[in-house]
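This report concerns only the one structure given below.
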Amino acid sequence: MDTNFRNTDIDKMDFTTTVAGENKLLRASFSWMSLAMLLTTITAYAFGFVPELTAYLITETGPTTLAYVVMFAPLIFVLAMSFGLNKLSYPALIGLFIAYSLVNGISFSFIFWVYSIGSIAKVFLSTTALFAVMAIAGYTTKTDLTKLGSILMIGVIGIIIASLINLFMHSESMDYMISILGVIIFTGLTAYDVQKIKNLGEHADNSTMAGKLGVMGALTLYLDFINLFLFLLRLFGGRKD
């Protein structure tokens, strides 16, 4: 997860406070996120259903080298963007974000081999509705969600550790509990992150850093959405026979 963005101290940022900045940063974040979701969806569908592309990921002998690369590459992109925020140029950050969404789309193509496309579509629509509700809640609430965000981030670390343990235990009940907790945690993080972007936007101007924050905000919201989607898919997705 993009903990650097979530832990940004807005009191130390040299920005001019404007309401217009708030709206602009939110618009930028949701616009970049929407673009990333579109690219991920198209790429996932293409590699999942176009035989010529699918052949790059799996053969009669099993997964290819590219398949293993795209499984782990998204994490590298997220780390590069998070730790390189101040060093990377704005165009470079955008390039990494777009590349990340495309690579993530390739890795997402595997879900079409496990779940029926009908159940994937239903879970995607459900995720979109839940995400929208929590995004609106995060934007409109007057309650400071900072403490909640800290607790939820501890929860993220917890489910990562639990997931690693379950790789060796292969416990279905533990997997079920992890999925439930994942839905709860990323539902809460959606509201928290929208409020965080809103607060950052109140201090944003037209600087390059403001543009970068728009991309990092999009990355954070994108991560919230796809994690929420994957956990819901694990709970309610209809597997192929």
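Laboratory data are not the source of any read-out in this text; all were calculated from the coordinates shown. The shown structure was predicted, so the numbers you read here are calculated from the model rather than taken from an experiment. Every residue, glycine among them, receives a Cβ derived from its backbone with ideal geometry; neighbour counts consider all protein chains shown.
Values for this structure:
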quantity: Relative contact order (percent, whole number), segment 109-241, Cα cutoff 8 Å, 6+ residue spacing; calculated: 46
quantity: For Gly237, residues with placed amide H under 5 Å, excluding near neighbours; calculated: none
quantity: Estimated dipole of the chain in Debye, rounded to 20 [Cβ of Lys and Arg +1, of Asp and Glu -1, Cα centre]; calculated: 220
quantity: Residue exposure sequence - Lys196, Lys147, Lys24 - by fewest surrounding Cβ within 10 Å; calculated: Lys147, Lys24, Lys196
quantity: Built amide H within the under 5 Å cut-off of Ile58, gap 5+; calculated: Thr64
quantity: Mean separation of Cα contacts under 8 Å (6+ apart) over length of segment 3-236, as relative contact order %; calculated: 41
quantity: Calculated FRET efficiency for the pair Leu164/Phe83, C-beta based, R₀ 22 Å, to 0.05; calculated: 0.50
quantity: Calculated FRET efficiency for the pair Tyr90/Thr141, C-beta based, R₀ 25 Å, to 0.05; calculated: 0.20
quantity: Simple label model, 7 Å out from Cα along Cβ direction - Trp113 to Met177, nm; calculated: 3.1
